[in-house]
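So the structure is just underneath, and the comments pick up after that.
The values are calculated or read from the model by the stated rules, or taken from the named source; none is laboratory data. Everything quoted here is computed from the prediction, not taken from an experiment. Positions of Cβ are backbone-derived with ideal geometry, glycine not excepted, and every protein chain shown enters the neighbour counts. Surface accessibility is based on the protein's heavy atoms, side chains included, excluding ligands, DNA and RNA. Shrake-Rupley method; radii C 1.70, N 1.55, O 1.52, S 1.80 Å.
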Amino acid sequence: MSALIAIVVFIVVAVGAFVAGSLLDQRSARARLMKERLATVQKPAEREPDEERAVLRDEMLSQIPALDTFLRRSERVSAFQKTLSQAGMQLRAGNFLMLCAGAGVLVAALVFIYSRNPAIAWAGMFIGFVLPYSFVSYRRNKRFEKFEELFPEAIDTLARAVRAGHAFTTALEMISDEVAEPVAGEFRKLYEEQKFGMPVRDALVNLTERIPLVDVKFFVTAVMLQRETGGNLAEILDNLSYVIRERFKIQRQVRVYTAQGRLTMALLMGMPPIIITTMLILNPGFIRPLFTDPIGHALLVAGIALQTVGYFVIRKIIRIQV
């Protein structure tokens, strides 16, 4: 119990110190911003005549200045902000990391109250910290799957618009109005970027960075080659749409062939937690030594390790690249 009290006191003191520091840093940041604006107004324009203009977008990682400055030093956190955007979540990386930390502390406290074992509490903290990230990864994969299903329809719409005589950029706007999300949102960003002055090539490259799928890379490569070498864009898009649909058909056939392996993985991963939960409800005295006895702790660690190894082995077997 004393360890739990020490952890709670540490968290409260750390949060209080961080809030006080962030408030002071926010004041200094506002003063610094005001000085920079005044210096910019008083200073004459020194833009070079041949300076290249580009559309810049600066995304904050946190609304707290101190935390934002600290997080920008890490490339992984900046990359994770892109992962949140790919998952379609309007959430900053700094806020999400604080959410993960809160979830980890909450799970650790609950596990420690139940088991009275610091080692299991640390394991619970790790699991609580990872769970929100797993949810983001799940949302990202689902969004990419939906994008893949609707992407051939978007290419067909683009081909029909080009065949009807519309410009390529106008056809992009038509896709954002006629195709469902998430394709509409991504093509709307593509249209707006080139509309505000970004070269079409750079805007297409940004599309591949936001949606790192093989089909999108095929589309961007085909459009870039056509714009550089010429050719019938509508015919190229029709062939590309056919290839993507055939590839998608093969992927679904592979899912049918690997259904037994995926069912086996789900059963092997789901049975131990279900059995333990059932025993805790029906006969707690029988399963409680697994959480209170040192031998039970060793068995838990070994079981979780073997379950993890088995999951990755089965996943490696059933994942067939098409």
_Contact order normalised by residue count of the stretch 136-252, Cα under 8 Å, 6+ apart, percent_ = 29
*Heavy-atom accessible area per residue, the stretch 250-322, 1.4 Å probe: how many Å²?*
77
*Using a 1.4 Å probe on the protein chains only, how many percent of the accessible area of the stretch 158-260 belongs to carbon and sulfur?*
54
*Relative to the compact-globule scaling 2.2 N^0.38 Å, provide the ratio for the alpha-carbon radius of gyration of the stretch 258-322.*
1.39
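Give the peptides 287-297, 154-164, 253-263 in descending order of average Cβ contacts within 10 Å, highest first. Each step should come with its number before you reach the end.
Numbers: 287-297: 14.3, 154-164: 19.6, 253-263: 12.1.
Descending packing order for the listed peptides: 154-164, 287-297, 253-263.
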*Each residue of the stretch 228-238 in order: what ³J(HN,Hα) in whole Hz does its phi give by Karplus 6.51 cos²θ - 1.76 cosθ + 1.60, θ = phi - 60°, with x for Gly and Pro?*
8, 10, x, x, 7, 5, 4, 5, 4, 5, 4
